[in-house]
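To start, the structure itself, in structure tokens.
Values in this text are rule-based calculations from the coordinates and carry no lab data. Computed from a prediction, not measured in an experiment: that's the story for all the values here. Glycine gets a Cβ as well: all are built from the backbone with ideal geometry, and neighbour counts include every protein chain shown.
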């Protein structure tokens, strides 16, 4: 009988299981001394383990979009008051506009609070002038 | 940041806050306010709340 315990990589080396009884028969979900990660890695090897950010975003958008569509078309059979329906209808536009406002506001805030290093900028400019003078003296033409 | 950077940055923040509050009142709060209230005078009909951002977005996409 090929069980989970015997099909694992360590099983062929004859590992001693801490329990005396056959774990696979009485508690098949418990795999002592098992490299559970190996099982998972084998199963995931074909698919790839993680979902990309793009896929996550698309999933989220698809879920929200389908919920919104179901609610606006009354597919769920809920009788919402007309004011709620008005708000619901404009929700995607509202979310887009507020996301745009957030982006604009964040950009503006970061521009306003950026740490300028004026001394370093001035020093750099003077060093550039020095270098140009030096190179011009040595004969390089700009 | 100094000088014009600060002015421009804070101006952007102010503009975005103004747009956000106006739009929120327009879309979220107005439907729940009685249609006889005086505040409706300051806002266009609700249909424009979707049409104007849509048009602006299309313009942005076409000209950028």
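Label-to-label distance, residue A:126 versus residue A:59, with points set 7 angstrom from Cα along the beta-carbon direction: 5.8 nm. Each label was represented as a point 7 Å from its Cα along the Cα-to-Cβ direction; for residue A:141 and residue A:83 these points are 8.0 nm apart. For chain B, the longest principal axis of the alpha carbon atoms and the long axis of helix B:47-63 meet at an angle near 30°. Legend: mean number of C-beta atoms from other chains within 10 angstrom of residue C-beta atoms, peptide B:40-49, equals 1. Inter-chain neighbour count for A:97-109: the average number of beta-carbon atoms from partner chains within 10 Å of each residue's beta-carbon is 6. Annotation for residue B:34 and residue B:52: the two label points, set 7 Å from Cα along the Cα-Cβ direction, are 2.6 nm apart.
Work out the mean other chain Cβ neighbour count within 10 Å for the residues of A:78-85 and drop it here as an integer.
Per residue, the average neighbour count from other chains is 1.
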